[in-house]
Amino acid sequence: MTRKPELMAEFDDWLTIRSLPLDKAREHLRDLGKVGVPIDDVAVFQTSGTSGEPAVIVLSESFVEYAFGIMLARFERYHRKLVRDVRKIGDRVTITGGNGHFAGNGFNKLVQRLNPKLAKGFGVTFVEAEQPIDQLVDRLNAIGNVAWIVTYPSVLAILAREKQAGRLRIDPVLFTSGGETLTDDLREMVRGAFPSLKYGIADPYGCTECLALSFECSHGRKHVNEDWVILEAVDEAMQPVPDGTLSTTVLLTVLANEVQPFIRYDLGDCVRFDEAPCGCGSPFRSIQVEGRQATLVRVGEVTLSPLVFDLEHDQAQRIQLVQTGERDFELRIQLAEGAAEGPVFQEVIASVKRVFRDNGLDDVSVGTGEALPEFTASGKFHEVLPLRNTGSPT
């Protein structure tokens, strides 16, 4: 198998071209004025670095064309009607990180440069995810006729709360989420807050390393593009697990990008291949994505999913639990206007300690942090930040 640290250490030998050494690529990525600007005939992006050092991803022109082609090839009649209807209803808005060469922002800017007519057809408006919530709400309200929003699940949670509070006045018919785990509880919460969601919440699975990794069918399943991609669900020993079993990680092989091939690349995602065939009739297997290894909290021999922590409070806009040592945690809270700090911290700390006790962890320290909750460079917001393991595989 291959992993990001080893590949990045051998970047100049990994690429099949010799015109783009790593120092030249990083110099390009440091210039925010060049987001979406190709270097010669390749596009350069970076991953968000959720699980460590960001990876530098180089896409060939043919691979970009393939990504568009494979997306269109997988469209069912349902999808074509959906896109036509949504375009007639209003604007499409992408809420993503605006401070780097990330695929969500950079790929669309690349299309705008290479094919302005195609980009205009998409009708995309970009809104930065990192801005204060009140400014985000004002920006969306100012756009007004928002039909389709593409963003992270953590942003969907914020939009749902703002809609329930009456501050957000938009009525989209479709959400598309990605980059984080969309839980069933969050899906239900968002659908309850937005009765206008005629087309629901699409949740495709992909990554910067392979833009067309999967597609979501009309039955809501995520099908792997197995005619272009090999995705192996494996256990801790990197041995295959049976369909229906949750993997420790997945290994990605994609050779369609001839400039930067990936062979058995450890993505770090926990997935489960479905056992039963899908009613849509696709011959490609489908998967359920449970999350990333890098987001799991480890305390001694106990491993916890970030989803077990209830980090919401009606007097807080954002809450983040940060692991600062094996048994030490701190809470970072962005309070709602006029909220008293003491009671909010006390109630959330009590809730977090209850989770630890329920899992046999009585000797865990949870304190208050002075810093505000932080975003990843790509604009993602993780409610739980585990202790960074420098030996992490991805």
Checklist entry - Could you list, in sequence order, the residues of segment 326-383 that are in contact (Cβ under 8 Å) with a residue 12 or more places away in the chain, in a helix (DSSP H, G or I) and open to solvent by 50 Å² or more (accessible area, probe 1.4 Å)? => result Pro343, Glu347, Lys353
Checklist outcome for this item: Considering segment 272-320, residues that are under 25 Å from Thr248 (Cα atoms) and of a type in the set (Lys, Arg), and then whichever is most open to solvent (accessible area, probe 1.4 Å), we arrive at Arg298
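Out of curiosity, is Tyr78 open to solvent by 70 Å² or more (accessible area, probe 1.4 Å), of a type in the set (Phe, Trp, Tyr) and in contact (Cβ under 8 Å) with a residue 60 or more places away in the chain?
Working: open to solvent by 70 Å² or more (accessible area, probe 1.4 Å): yes; of a type in the set (Phe, Trp, Tyr): yes; in contact (Cβ under 8 Å) with a residue 60 or more places away in the chain: yes.
When the stated conditions are applied, Tyr78 passes them.
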Next on the checklist: Just to verify a result, which residue in segment 84-105, among those that are part of a helix (DSSP H, G or I) and open to solvent by 30 Å² or more (accessible area, probe 1.4 Å), is nearest to Asn141 (Cα to Cα)?
Outcome noted: Ile89
Item to check | Residue that is nearest to the chain's Cα centre (by Cα) [pool: residues in segment 29-38 that are surrounded by fewer than 16 Cβ atoms within 10 Å (Cβ to Cβ) and in contact (Cβ under 8 Å) with a residue 12 or more places away in the chain] | outcome: Leu32
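Name the residue that is nearest to Asp13 (Cα to Cα), counting only residues in segment 53-83 that are part of a loop (DSSP other than H, G, I, E, B) and not aromatic (Phe, Trp, Tyr).
At the first step, the residues of segment 53-83 found to be part of a loop (DSSP other than H, G, I, E, B) are 53-55, 74-76.
Checking the rest, the ones that are also not aromatic (Phe, Trp, Tyr) come to 53-55, 74, 76.
On the way: Glu53: 19, Pro54: 18, Ala55: 15, Arg74: 34, Glu76: 40 Å.
By that ranking, first place goes to Ala55.
For residues that are β-branched (Val, Ile, Thr) and part of a loop (DSSP other than H, G, I, E, B), scanning just segment 165-183, find the one that is most open to solvent (accessible area, probe 1.4 Å). I'd like the intermediate steps shown before the answer.
Taking segment 165-183 and keeping what is β-branched (Val, Ile, Thr), we get 170, 173, 176, 181, 183.
Narrowing the set further to residues that are part of a loop (DSSP other than H, G, I, E, B) leaves 170, 173, 181, 183.
Values: Ile170: 2, Val173: 15, Thr181: 51, Thr183: 36 Å².
Once the filter is applied, the top-ranked residue is Thr181.
Is it the case that segment 145-164 has a residue that's in a loop (DSSP other than H, G, I, E, B), open to solvent by 20 Å² or more (accessible area, probe 1.4 Å) and out of contact with any strand residue (DSSP E or B) (no Cβ under 7 Å at 6 or more places or on another chain)? Spell out the reasoning first.
Initial filter on segment 145-164 (in a loop (DSSP other than H, G, I, E, B)): 145, 152.
Remaining after also requiring open to solvent by 20 Å² or more (accessible area, probe 1.4 Å): 145, 152.
Keeping just the survivors that are out of contact with any strand residue (DSSP E or B) (no Cβ under 7 Å at 6 or more places or on another chain) gives none.
Looking for residues that are in a loop (DSSP other than H, G, I, E, B), open to solvent by 20 Å² or more (accessible area, probe 1.4 Å) and out of contact with any strand residue (DSSP E or B) (no Cβ under 7 Å at 6 or more places or on another chain), one finds none in segment 145-164, hence no.
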Checklist outcome for this item: Here the qualifying pairs (Cβ atoms under 6 Å; residues six or more apart or on different chains; first in segment 39-62 and modelled with pLDDT of 90 or more; second of a type in the set (Phe, Trp, Tyr)) come out as Ile57/Phe45
Checklist outcome for this item: From the option list Asn141, Asn108, single residue qualifying as at negative phi, surrounded by fewer than 21 Cβ atoms within 10 Å (Cβ to Cβ), in a helix (DSSP H, G or I) and touching a residue at least 60 places away in the same chain (Cβ under 8 Å) is Asn108
Checklist outcome for this item: (1) in a helix (DSSP H, G or I); (2) closer than 21 Å to Glu258 by Cβ all hold for Phe45 apart from (1)
Checklist entry - How many residues does segment 239-271 hold that are of a type outside the set (A, V, I, L, M, F, W, C), open to solvent by 60 Å² or more (accessible area, probe 1.4 Å) and over 20 Å from Phe215 (Cβ atoms)? => result 5
Checklist outcome for this item: The one condition Leu186 fails out of (1) open to solvent by 20 Å² or more (accessible area, probe 1.4 Å); (2) free of Cβ contacts under 8 Å to residues at least 60 places away in the same chain; (3) assigned to a loop (DSSP other than H, G, I, E, B) is (3)
Next on the checklist: Among (1) without any contact (Cβ under 8 Å) to a residue 24 or more places away in the chain; (2) open to solvent by less than 20 Å² (accessible area, probe 1.4 Å); (3) of a type outside the set (Asp, Glu), there is one condition Phe11 misses while meeting the rest; what is its number?
Outcome noted: (1)
Checklist entry - Can you name every residue in segment 189-238 that is of a type in the set (Phe, Trp, Tyr) and open to solvent by 10 Å² or more (accessible area, probe 1.4 Å)? => result Tyr199, Tyr205, Phe215, Trp228
Next on the checklist: Can you tell me which residue is modelled with the lowest pLDDT among those in segment 19-38 that are under 16 Å from Ala103 (Cβ atoms) and part of a helix (DSSP H, G or I)?
Outcome noted: Leu32
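The rows are residues; the columns are (1) modelled with pLDDT of 90 or more; (2) small (Gly, Ala, Ser).
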{"residue": "Ser282", "(1), (2)": "yes, yes"}
{"residue": "Ala294", "(1), (2)": "no, yes"}
{"residue": "Leu335", "(1), (2)": "no, no"}
{"residue": "Pro373", "(1), (2)": "no, no"}
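The values are calculated or read from the model by the stated rules, or taken from the named source; none is laboratory data. None of these values were measured; they are calculated from a predicted model. A quick note on method: Cβ atoms are made from the backbone with ideal geometry, for glycine too, and the neighbour counts reach across all protein chains shown. Note: areas computed on protein heavy atoms with side chains; ligands, DNA, RNA excluded. Shrake-Rupley method; radii C 1.70, N 1.55, O 1.52, S 1.80 Å.
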